[in-house]
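One structure below.
The values are calculated or read from the model by the stated rules, or taken from the named source; none is laboratory data. Predicted, not measured: the structure shown is a model, and the values here were computed from it. Here Cβ is always computed from backbone atoms with ideal geometry, including for glycine, and neighbour counts include all displayed protein chains. Each accessible area value is taken on the protein alone, full model and side chains, heavy atoms only, with ligands, DNA and RNA left out. Shrake-Rupley method; radii C 1.70, N 1.55, O 1.52, S 1.80 Å.
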Amino acid sequence: MAARNIRIISADDVPANRKRGGETRAVLSPATCGATSGFMGTARLQPGERITEHYHPYSEEFLLLVRGELTLDLDDKPFELFAGQGVLIPKDIRHRLRNTGSEEAFAVFHLGPLAPSPELGHVDTEDGPGTKAEGHIVLGER
């Protein structure tokens with residue numbers, strides 16, 4: 001790949017998405033850098049915050065907790081995650097993130113492959129601060 005095709009993206013340059021709770025940013029995505037195989041982003045959750053339950057019908061999700069503690073609910077079964085731990089969430093598995101610790105939690109996630117169209121990539125299964133669980137909604141943009 002020629003150097004002219006390389007794009008360095010700062011997380012601070014990507015708008016925060018708070019529709020499902022917490023703060024997510026799709027840092028490396030089709031919209032920000034022309035990605036074709038998936039997208040990567042960050043999630044920040046303050047103590048007591050959560051990212052509402054959802055699933056990805058086309059993508060698996062890699063999640064690495066960089067800082068803090070999280071409870072990850074997978075099909076209603078809770079798993080505790082601590083800083084430095086990662087998990088692979090298979091496609092079609094309902095999941096929600098909850099900050100059950102006393103400090104901000106910071107995670108990095110990657111989803112791939114991309115859905116055939118952005119509106120098919122993310123299915124909400126419960127209401128969040130800015131959503132109604134009635135359709136397909138994607139975290140990242142194309």
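Provide a single number: the residues in region 95-119 that are touching a Phe, Trp or Tyr at 6+ places or on another chain (Cβ under 8 Å), assigned to a loop (DSSP other than H, G, I, E, B) and surrounded by 17 or more Cβ atoms within 10 Å (Cβ to Cβ).
Total meeting the criteria: 2.
Enumerate the pairs (first residue in region 103-122 and touching a residue at least 24 places away in the same chain (Cβ under 8 Å) and more than 20 Å from Thr42 (Cβ to Cβ); second residue anywhere and open to solvent by 50 Å² or more (accessible area, probe 1.4 Å) and in a strand (DSSP E or B)) with beta-carbon separation below 7 Å, excluding pairs fewer than 6 apart on the same chain, so at least 6 apart or on different chains.
Partner pairs satisfying both residue conditions: Leu120/His136.
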